[in-house]
Structure formats: C-alpha cells, structure tokens
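Step one of this worksheet: look at the structure below.
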Amino acid sequence: MNKLYVVGIGPGAYEDMTLKAIKTLENCDVIVGYTVYVDLVKEHFAQKEFLTTPMRKEVERCRLAFEQAGSGKITAMICSGDAGVYGMSGLMLELSEEYPDVEVEIVPGVTAALSGGAVLGAPLMHDFAVISLSDLMTPWETIEKRLLAAAEADLAICLYNPSSRKRADYLKKACDIMLKAKKPETVCGIVSQIGREGEHMELYSLAELKDVQTDMFTTVFIGNSSTKEINGKMVTPRGYEIRG
C-alpha cells in the first residue's frame, strides 16, 4: 500500500514541531504544501523533493500529493499548526476514496490556539471555543451566531483569521457581537507571527480590542468572566484551590 502522510508542522519554528512530525518528514521522499509553509521547513529537510501550490489551490495540492504517493513515493502533505484544525486532513480523507491504493495517515501538530496561548500565558485553562472569522467557506451570518453563542456561554474564545485586506473590519464586528454578552473590561490578548521571527504579544480589554489592527498571521484570545492579567500574562483560572 502506498503511503501518504498529512502532517501538522506547528506554528513555524522547527523546535515547535512534534518529534513524530519531524521523523515523518525525514522518512518521506516528497513534501507537498502551500508555498509559505514549505518555506518554513525547507532548510531542515533539504534533501527532499518539494512541490507547492499557491493559496486557493487546495484541491489541486491534495491531488498532487495523492499522485505522488500513488507513484510509489512516500509523500507528506504539510499544514501549519495541526492538519485537523482548519487544515487539510478533512479534504485529504474526502479525496482518499478516489485513490484506494493510497493509505492516508494523519500526524498531529501544535495549533495556534495552543502555541499562541503559551506565549500569552494560560488563556485557555477552562472550556473554550475556536472560531475562524474567515467567511471564505462559512457565511458571515453563521460566524455571527457562533460568536454570540460562545460569548453567551461565557467561554474563552480563540479567533483564527481575524482580518485581511478584504476583511479589515471583521475583528471589530466580532468584538461588537461579543460585547452583547461579555463585559467591556474582559481581558483579551493577541499574538502575531507565533513561533517565527517578529513574534509579538499584547494584552487588551475587549473594548480596546475593537480598534486593534490585525492580519492573517495574528491569533486573538478573548477571556471569560474569570480571566485576569497576572504579571503581564493572560490567565483563565480553572478553579484550583490555592492554599497558603
């Protein structure tokens, strides 16, 4: 059986990849991925064959990986973060029915909610929701419902894809929705360029977050009613009893 791996490479830095992901890529013949993600790993696996497609060519990229694996080459499709969190593993498994001679294995990675959360401190210590603000494949009306439901449930919320050139005001719109159920002073944070050169974090109130400019390389964290700032870190207590 021909082998095709779908590998989450984490936020970007080599040391943030799981050991299993590293070993998988070391054992592959071909690594397929979005151009930006391939550039993140290329220097560490220089002897491999690399194949790329640009953004919006996800289906073509997946078929390319299947064709490589079907030819007998051990192949990896790489995704940033975890391949199963806004990654390619779902699409790869959907397409796998067309390639019965290729076995697909998913290799997990560290998604931005976790790697960004570690930079901020401990914002996701209790129940939380992860919501993408990209309306490329999800209607904005659906995103609005999810934002409000998560806010009303007093969940900590992690936002992916908070804004882009075409969606410059989406984070502001999201904050306005969440302010219907969360207090303006709710502790929030952002992390940009997680695990890459230029990594930066900042804490805000929810009211302040409305006017913050972000991009597709920024992950946003909104606390619950218990979240607080401790020594410059964002902490959502789980409720452990601290005894002196």
Response to the item:
Largest-first semi-axes in Å of the equivalent ellipsoid built from the Cα gyration tensor of the chain are 35, 19, 16
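Test of the criteria: in the stretch 121-187, which trypsin sites (Lys or Arg not before Pro) are in a DSSP loop and have at most 12 other Cβ atoms within 10 angstrom of their Cβ? Show your work: numbers first, answer last.
Details: sites: K145, R146, R165, K166, R167, K172, K173, K180, K182; in loops: R165, K166, R167, K180, K182.
Loop-located and lightly packed - R165, K166, K180.
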Worksheet item: Tilt of helix 58-70 relative to the longest C-alpha principal axis of the chain, in degrees (0 to 90, nearest 10)?
Response: 40 degrees
Worksheet item: What does the stretch 152-205 give for Rg and for Dmax, in Å, if only its C-alpha atoms count?
Response: 12.5, 36
Worksheet, complete the sentence: Scaled by the rule-of-thumb 2.2 N^0.38 Å, the alpha carbon Rg for the stretch 109-186 gives a ratio of 1.09
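Counting DSSP beta bridges in the chain, what percent are antiparallel, to the nearest 5?
Working: 18 of 44 bridges.
Antiparallel bridges: around 40 percent, rounded to the nearest 5.
Coordinate-derived values only; no laboratory data. Treat the numbers as computed from the prediction; the structure is a model and nothing was measured. No Cβ is skipped: glycine too gets one built from the backbone with ideal geometry, and neighbour counts run over all protein chains shown.
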